[in-house]
Structure formats: C-alpha cells, structure tokens
1. On the given criteria, is R36 at pLDDT 95 or above, in contact with a strand residue (DSSP E or B) (Cβ under 9 Å, 6 or more places away or on another chain) and open to solvent by 60 Å² or more (accessible area, probe 1.4 Å)?
2. Could you list, in sequence order, all residues of the stretch 16-32 that are aliphatic (A, V, I, L, M) and under 15 Å from T72 (Cβ atoms)?
3. Working only within the stretch 31-57, note down all residues that are polar (S, T, N, Q), within 16 Å of L18 (Cα to Cα) and assigned to a loop (DSSP other than H, G, I, E, B).
4. Which of the residues spanning the stretch 15-33 are open to solvent by 60 Å² or more (accessible area, probe 1.4 Å) and touching a residue at least 12 places away in the same chain (Cβ under 8 Å)?
5. Which one of F50, F22, F55, F8 is at pLDDT 95 or above, closer than 14 Å to F121 by Cβ and out of contact with any His (no Cβ under 7 Å at 6 or more places or on another chain)?
6. For the stretch 81-119, enumerate the residues that are among the charged types (D, E, K, R) and touching a residue at least 24 places away in the same chain (Cβ under 8 Å).
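The values are calculated or read from the model by the stated rules, or taken from the named source; none is laboratory data. Being a predicted model, the structure only gives us computed values, none of them experimental. When we count neighbours, we look across all protein chains shown, and the Cβ atoms used for this are built from the backbone with ideal geometry, even at glycine. Heavy atoms of the whole protein, side chains included, go into the accessibility calculation; ligands, DNA and RNA do not. Shrake-Rupley method; radii C 1.70, N 1.55, O 1.52, S 1.80 Å.
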Amino acid sequence: MGPDVLFFFEKDPAALGLYEAFERAVLALVPGAGIRVQKTQITFTNPRVFAAVSFLPARRKARRPDHYITVTLGLNRRLDSPRADAASQPYPSRWTHHFLIGSPEEIDGELMDWVREAAEFAAAKGR
C-alpha cells in the first residue's frame with residue numbers, strides 16, 4: 001500500500017481496513033487491475049474504470065455508519081437490490097450504482113459478482 005492511499009484515508013483512517021479488504025477482493029477477482037488514487041476517489045481499471053472507492057455520502061447521515069467507504073460500479077443495467085444506495089443512468093445502457101460499505105462482511109459474494117460484472121462491462125467497451 002502506497003503513501004498515496006494512506007494520504008487518501010487521512011481524513012478517516014478507520015475506513016482504511018474496509019478499503020484494504022475491498023482492494024484484496026478486487027485484485028483476486030480481476031488480476032492485473034490497475035489502481036489509481038485521485039483526490040476524491042480511488043479507481044480500479046482494466047484499462048477502463050470499472051469500480052471506484054470514495055467517501056461519497058450515498059445515504060442519509062442518520063443511516064450511515066461512523067466509518068465507511070462508498071463503492072461505485074458502472075453496469076449495463078439497473079440493479080434491483082436494496083443494497084444499492086443510489087443508482088443513476090448517465091446515458092443509455094449505462095447505470096452507475098453506489099454501495100455504502102460499513103463492515104468487511106458487506107464485501108461478500110454478491111457485491112463481488114457485481115464487481116465482476118462491472119469489470120466485464122468496462123472491458124467490453126474497449127473492443
């Protein structure tokens with residue numbers, strides 16, 4: 001883990017463990033995925049962006065845990081799941097979903113299936 005990731009989590013160091021668990025799961029699922037730390041998010045690429053981690057408050061404050069990360073995925077369909085805190089359609093056949101993650105247990109098979117789907121969707125756009 002580089003100093004740029006540590007700097008990103010400087011405002012909420014307690015959320016770093018959630019990010020580490022998510023990063024491990026993504027890299028196990030999408031070998032060779034790129035990671036780019038930016039000012040407001042950390043993106044995962046293959047080579048297009050398929051997932052991002054941020055502190056986006058995708059849920060009302062009263063329903064947010066004290067420490068969390070928000071995982072954003074781009075899919076070709078709208079998910080019908082209560083786990084998606086927000087969904088928008090920035091253009092036809094593209095849906096952006098935000099998932100607020102407050103515990104390592106939420107980085108489960110269901111979430112990672114959606115990450116796989118997002119990675120495949122992003123990779124197919126480059127063909």
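1. Criteria met by R36.
2. Residues satisfying the conditions are L18, V26.
3. Once the filter is applied, which keeps residues that are polar (S, T, N, Q), within 16 Å of L18 (Cα to Cα) and assigned to a loop (DSSP other than H, G, I, E, B), the stretch 31-57 yields only Q41.
4. Across the stretch 15-33, the qualifying residues are E20, G32.
5. Of the residues listed, the single one that is at pLDDT 95 or above, closer than 14 Å to F121 by Cβ and out of contact with any His (no Cβ under 7 Å at 6 or more places or on another chain) is F50.
6. R83, D85, E110, R116, E117
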